[in-house]
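S.K.: The structure follows.
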Amino acid sequence: EEDRALLDVDGIGFDEQESEPVHPVVAIIGRPNVGKSTLVNRIIGRREAVVEDVPGVTRDRVAYDAEWSGRPFTLVDTGGWEVDAQGIHLRVAEQAEVAIELADAVLFVVDATVGATDTDEAVVKLLRRSKKPVVLLANKVDDQRTELEAASLWSFGLGQPWPVSALHGRGTGDALDALLEVLPRESAVPGAYQRGGPRRVALVGRPNVGKSSLLNKLAGEERVVVDNVAGTTRDPVDEYIELGGKTWRFVDTAGIRRRVHMTRGADFYASLRTQTAIEKAEVAVVLIDSEDNIAEADVRVVQQVVDAGRSLVLAFNKWDLLDEERRHYLEREIERDLAFVAWAPRANISALTGRHVERLVPAIEVALDSWDQRVPTGRLNAFLGEVVAGHPHPVRGGKQPRILFATQASTRPPRFVIFASGFIEHGYRRFLERRLREQFGFEGTPIEVSVRVRE
Ligand code: GDP
Ligand code: GDP
């Protein structure tokens, strides 16, 4: 009650939608300059309600609360395609693939005045393969004259091209009506917005660390027949595995089982697959090849998990190959390169021999419990009061900002908002974050501390 009263006053988003249905997710896909941003603005109107702090929304994807004809949905703009000197076409297609996988329906935007390009054709292939509902928008049809050009897009085989002008609003209503016809009322895509069902685990890590070996080892224990799991939709890319008396949903296992052929740009591709898996999951187990030096690529995967706000377990694999010396150096590498996730539970395993693989489940459970943890406002403030009394914020320029009070605004991951009378230095914020961890645990989850200055 107390939480709510505080937050209503300050208008901070509160994580209370736990029991509400999950709004369907619509992705806007298309080449740069076809008019995606213009269309987003048209759909959401002037409200500009960016849902930026929803976990899973990464830098190059922005989610908005949208509504059409009284039907709410989440609109994801895949905006900033990474333009690369060589093969922009490839990258657009690859980024589109992630966005498509995380969506319930797709608005595919093409510039009718340009017509179909090779990049468009590549995206069309992805869309067909995904079998997701698609509404094809032929944009920049500002007048009747260009409508003919829109008609040429029938050749995509994606059904009717809807001639629209995002700029002037021409035709967008009809196109959105068409979207509602194919859009489910609730999201079927696992991810940031979905709750309930078996908990979702991603096995991630750079190539050859042992993901597929571990998956086989785990699945070997007990594969669950999907039809017997209540409340699950059949998803061929996920596997349900029973471990420690519980059913777990391992997401995107198809990506692990299918050996991706290594071509140019394979690293980038692998990183997008990893991103998708992480965003679908609630907890990520990052595998690291203990025998090999910890590489930048390992650190990058760990960072992706933290940035996505998912809980984290580190699995040091191939432990059977280590000698005394390597073990020594590994510990040093961990201290050097992985200090920023010193809070993550760790298991030293061998997917090959099965060594300590059973320790993964308790580690995952700890991480998820922390991810879900909510600290009552009373306890939080009593604790902060003590901390601040012992270590007040340093005086700067004759002023000392005071911590007024704090509250946990959300879980999954835990997010704290501290209200202060003035600017709180980065170092002090880090100090508070450290003390929060010492006091309340949060083993296995990133936490976020933000400060609101109050006059
Ligand atoms: P994005 O890169 O796909 O997000 O494209 P933008 O929304 O930034 O639009 C690229 C350019 O196309 C801008 O100059 C827009 O004003 C223009 N544009 C967008 N929609 C239309 C349209 O319906 N008609 C015309 N004539 N121009 C448009
Ligand atoms: P992925 O690319 O991450 O899926 O890695 P794989 O599971 O395909 O493993 C890559 C290679 O490492 C294979 O030759 C595996 O047999 C080997 N491997 C995986 N786990 C272990 C382990 O725990 N110990 C040893 N010695 N080899 C392993």
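The values are calculated or read from the model by the stated rules, or taken from the named source; none is laboratory data. Here the structure is a predicted model, which is why all the values come from computation and not from measurement. Glycine also receives a Cβ, built like all others from the backbone with ideal geometry; neighbour counts cover every protein chain displayed.
S.K.: Could you go through region 420-430 and let me know if any residue there is free of Cβ contacts under 8 Å to residues at least 24 places away in the same chain, out of contact with any Lys or Arg (no Cβ under 8 Å at 6 or more places or on another chain) and either among the polar types (S, T, N, Q) or more than 30 Å from residue 279 (Cβ to Cβ) (or both).
M.R.: Our first condition is that a residue be free of Cβ contacts under 8 Å to residues at least 24 places away in the same chain; within region 420-430, this holds for 426-427, 429-430.
Retained after the next criterion (residues that are out of contact with any Lys or Arg (no Cβ under 8 Å at 6 or more places or on another chain)): 426-427, 429-430.
From the residues that got through so far, the ones that are either among the polar types (S, T, N, Q) or more than 30 Å from residue 279 (Cβ to Cβ) (or both) too are 427.
Yes, because at least one residue in region 420-430 is free of Cβ contacts under 8 Å to residues at least 24 places away in the same chain, out of contact with any Lys or Arg (no Cβ under 8 Å at 6 or more places or on another chain) and either among the polar types (S, T, N, Q) or more than 30 Å from residue 279 (Cβ to Cβ) (or both).
S.K.: OK, next. Take the conditions in a loop (DSSP other than H, G, I, E, B), of a type in the set (Lys, Arg), out of contact with any Ser or Thr (no Cβ under 9 Å at 6 or more places or on another chain) and within 14 Å of ligand 1 (Cβ to nearest atom) and apply them to residue 170. Does it pass?
M.R.: Here the answer is yes, as residue 170 does meet what is asked.
S.K.: Residue 300 fails exactly one of the following numbered conditions: (1) at pLDDT 95 or above; (2) of a type in the set (Lys, Arg); (3) within 16 Å of ligand 2 (Cβ to nearest atom). What is the number of that condition?
M.R.: Result: residue 300 passes all but (1).
S.K.: Say we look at region 298-338 and pick out the residues that are polar (S, T, N, Q) and assigned to a helix (DSSP H, G or I); which of these is farthest from ligand 1 (Cβ to nearest atom)? Show your work before the answer.
M.R.: Within region 298-338, the subset polar (S, T, N, Q) is 303-304, 311, 317.
Pick out the ones that are also assigned to a helix (DSSP H, G or I) and you get 303-304.
Values: 303: 27, 304: 25 Å.
Ranking the qualifying residues of region 298-338, first place goes to 303.
S.K.: Please verify whether region 142-153 includes one or more residues that are in contact (Cβ under 8 Å) with a residue 12 or more places away in the chain and touching a helix residue (DSSP H, G or I) at 6+ places or on another chain (Cβ under 9 Å).
M.R.: Within region 142-153 (the criterion being in contact (Cβ under 8 Å) with a residue 12 or more places away in the chain and touching a helix residue (DSSP H, G or I) at 6+ places or on another chain (Cβ under 9 Å)), the answer is yes, since at least one residue qualifies.
S.K.: If I go through region 152-164 residue by residue, how many of them are within 14 Å of ligand 1 (Cβ to nearest atom) and either part of a helix (DSSP H, G or I) or out of contact with any strand residue (DSSP E or B) (no Cβ under 7 Å at 6 or more places or on another chain) (or both)?
M.R.: Counting residues in region 152-164 that are within 14 Å of ligand 1 (Cβ to nearest atom) and either part of a helix (DSSP H, G or I) or out of contact with any strand residue (DSSP E or B) (no Cβ under 7 Å at 6 or more places or on another chain) (or both) gives 0.
S.K.: Which number in (1) modelled with pLDDT of 95 or more; (2) surrounded by 18 or more Cβ atoms within 10 Å (Cβ to Cβ) marks the one condition that residue 414 misses?
M.R.: All conditions are met except number (1).
S.K.: Counting just the residues of region 340-385 that are under 16 Å from residue 445 (Cβ atoms) and of a type in the set (Gly, Ala, Ser), which one comes out surrounded by the fewest Cβ atoms within 10 Å (Cβ to Cβ)?
M.R.: Per the criteria, the residue is 342.
S.K.: Here's a follow-up. Spot the failing condition for residue 73; the list is (1) touching a helix residue (DSSP H, G or I) at 6+ places or on another chain (Cβ under 9 Å); (2) surrounded by fewer than 19 Cβ atoms within 10 Å (Cβ to Cβ); (3) at pLDDT 55 or above, and only one is missed.
M.R.: Residue 73 satisfies all of (1) touching a helix residue (DSSP H, G or I) at 6+ places or on another chain (Cβ under 9 Å); (2) surrounded by fewer than 19 Cβ atoms within 10 Å (Cβ to Cβ); (3) at pLDDT 55 or above except (2).
S.K.: A further question on this structure: Give 136, 203 a once-over and let me know the one that is crowded, with 16+ Cβ neighbours inside 10 Å, within 16 Å of ligand 2 (Cβ to nearest atom) and modelled with pLDDT of 95 or more. Lay out the reasoning, then the answer.
M.R.: On the way: 136 fails: within 16 Å of ligand 2 (Cβ to nearest atom).
Being crowded, with 16+ Cβ neighbours inside 10 Å, within 16 Å of ligand 2 (Cβ to nearest atom) and modelled with pLDDT of 95 or more holds for just one of 136, 203, which is 203.
S.K.: Tell me yes or no: at least one residue of region 319-330 is free of Cβ contacts under 8 Å to residues at least 40 places away in the same chain, among the hydrophobic types (A, V, I, L, M, F, W, C) and touching a strand residue (DSSP E or B) at 6+ places or on another chain (Cβ under 8 Å).
M.R.: yes
S.K.: Moving on. Among the residues of region 277-297, what is the count of those that are outside any helix (DSSP H, G or I), more than 12 Å from ligand 2 (Cβ to nearest atom) and more than 18 Å from the chain's Cα centre (by Cα)?
M.R.: Keep residues of region 277-297 that are outside any helix (DSSP H, G or I), which gives 281-295.
Now restrict to residues that are more than 12 Å from ligand 2 (Cβ to nearest atom): 281-284, 293-295.
Those still in the list that are more than 18 Å from the chain's Cα centre (by Cα) too: 293-295.
Counting residues in region 277-297 that are outside any helix (DSSP H, G or I), more than 12 Å from ligand 2 (Cβ to nearest atom) and more than 18 Å from the chain's Cα centre (by Cα) gives 3.
S.K.: Could we say that residue 278 is at pLDDT 95 or above and among the β-branched types (Val, Ile, Thr) here? Reasoning before the result, please.
M.R.: Numbers: at pLDDT 95 or above: no; among the β-branched types (Val, Ile, Thr): yes.
Judged against the criteria, residue 278 is not a match.
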